[in-house]
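Participant: Below is a structure I'd like to ask you about.
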Amino acid sequence: MPDADLPAALIFDVDGTLAETEEAHRHAFNEAFAEAGLDWHWDQARYRRLLDVTGGKERIRFHQELAGLSVLDDPAIARLHARKTALYVAHVDGGRLGLRPGIARLINQARAAGIPLAIATTTSLANVESLLRATLGAGAPGWFAAIGAGDMVARKKPAPDIYRHVLDRLGVDPARSVAFEDSVNGLEAARAAGLPTLVTVSRYTDDQRFTGALAVLDHLGEPDQPCRALAGRAPAGGVVNLPALRDWLRG
Ligand SMILES: [Mg+2]
């Protein structure tokens, strides 16, 4: 049985948190646009702006609004997004994306301690499963007691719906669990669901302001690659492990 003081569950965001996926997403969008004969190209500056909107289909719609265009209706956006997802999955399946520092270590530690794991993301289920398989092994999706993804709920982050969906399935006390996020939208969603949240900033979110996080770190850390705290306190040894999470939950 797990130690009663340890977290009741660990719930992970995917994009930017498990892996630096956003560049792979950006390239897949651009490939899909080119294939569809659209002369759209999202550079890093534009993509940073588009990331204010969560969800790929929503992002394409937002791009049209910003550009004053109405080229694509909703069914056409859905088809374009499906093609983009296929291109992204092919990239991930090719093993070209690794997990961020400390993710595999912490996941394995939680599994060994019998602590339930879950995913709460706005990215599609296909994207999540392909990333987990390519980085942690074929059986890895089965390690997660709940995977909340994509269109399973109507309102995407910063709404708390995807976290509530996952918490319903886990049946744990949110106040004793920990969410892992890299963005303000994600932090707001997790906090609104009652979850203490640890932020690890990523390539596209390092300029955001995080209020109410347990701590803001550059990553979860490894013994040979300690993490740094950007806000709050860094864990002992620069490594986020189960005792460090327990200490944050105790306050
Ligand atoms: Mg994220």
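Participant: Residues with amide H under 5 Å of Ala215's amide H, sequence separation 5 or more or different chain, H placed in the peptide plane at 1.01 Å from N; which?
Facilitator: So Ala215 has HN proximity to Val199.
Participant: Give a residue-ordered list of calculated ³J(HN,Hα) values for the stretch 132-145 (Karplus: 6.51 cos²θ - 1.76 cosθ + 1.60, θ = phi - 60°; whole Hz; x for Gly, Pro).
Facilitator: Result, rounded to whole Hz: 4, 5, 5, 9, 10, x, 4, x, 4, x, x, 6, 9, 5.
Participant: As I understand it, the value is the acute angle between the Cα axis of helix 103-112 and the longest principal axis of the Cα atoms of the chain; what does it come to in degrees, rounded to 10?
Facilitator: 50
Participant: Trypsin sites (Lys or Arg not before Pro) within the stretch 66-163: which are DSSP loop residues with at most 13 other Cβ atoms inside 10 Å?
Facilitator: Passing both the DSSP loop test and the Cβ count: Arg96, Arg155.
Participant: Just Gly142, Gly37, Gly114 to compare: in a GNM of the chain, with alpha carbon springs under 10 Å, which one fluctuates most?
Facilitator: Looking only at Gly142, Gly37, Gly114, the largest GNM fluctuation is found for Gly37.
Participant: Specify the angular offset, from 0 to 90 degrees and rounded to the nearest 10, of the alpha carbon long axis of helix 74-93 from the longest principal axis of the alpha carbons in the chain.
Facilitator: With rounding to tens, the tilt is 50 degrees.
Participant: Same structure, new question: Under the Karplus relation 6.51 cos²θ - 1.76 cosθ + 1.60, θ = phi - 60°, what is the ordered set of whole-Hz ³J(HN,Hα) values for the stretch 222-233, x standing for Gly and Pro?
Facilitator: 10, x, 9, 8, x, 7, 10, 8, 8, 7, x, 9
Participant: Using Cβ counts within 10 Å as a stand-in for footprinting exposure, how do Asp15, Asp52 rank, fewest first?
Facilitator: Lowest count first: Asp52, Asp15.
Participant: Expressed as an acute angle from 0 to 90° and rounded to the nearest 10, what is the orientation of the C-alpha long axis of helix 161-170 relative to the principal long axis of the chain?
Facilitator: Result, in degrees: 40.
Participant: Turning to a different aspect of this structure: Return, ordered by residue number, the residues of the stretch 137-174 whose backbone nitrogen is under 16 Å from a label point located 7 Å along Cα→Cβ of Asp74.
Facilitator: Residues 151-156 fall inside that zone.
Participant: Moving on to the next point. May I ask what percent, to the nearest 5, of DSSP beta bridges between residues of the chain are antiparallel?
Facilitator: 20
Participant: Another question, if that's okay. Can you give the alpha-carbon Rg of the chain over 2.2 N^0.38 Å, where N counts its residues? Can you show the working numbers first?
Facilitator: Numbers: Rg = 17.9 Å, N = 251, 2.2 N^0.38 = 18.0 Å.
This ratio for the chain stands at 1.00.
Participant: If you don't mind, another one. Could you work out how much longer the chain between Asp151 and Glu65 gets when fully extended? Use 0.36 nm per residue separation minus the Cα distance between them, nm to one decimal.
Facilitator: 28.8 nm
Participant: Show me the trypsin sites (Lys or Arg not before Pro) within the stretch 162-234 that DSSP assigns to loop and that have at most 10 other Cβ atoms within 10 Å of their Cβ. Walk me through the numbers before you get to the answer.
Facilitator: Details: sites: Arg164, Arg169, Arg176, Arg191, Arg203, Arg209, Arg228, Arg233; in loops: Arg203, Arg209, Arg228, Arg233.
Passing both the DSSP loop test and the Cβ count: Arg209.
Participant: Follow-up question, since we're still on this one. Amide H of Ile119: which non-local residues (sequence gap of 5 or more, or other chain) have their own amide H closer than 5 Å, using H built in the peptide plane?
Facilitator: Phe12, Ala146, Ile147, Gly148
Participant: Based only on Cα atoms, what Rg/Rh ratio does the stretch 22-93 have, Rh being taken as Kirkwood's radius?
Facilitator: Numbers: Rg = 11.2 Å, Rh = 12.2 Å.
Across the stretch 22-93, the Cα-based Rg/Rh ratio is 0.92.
Throughout, read-outs are computed from the coordinates displayed, never taken from laboratory work. Treat the numbers as computed from the prediction; the structure is a model and nothing was measured. Glycine also receives a Cβ, built like all others from the backbone with ideal geometry; neighbour counts cover every protein chain displayed.
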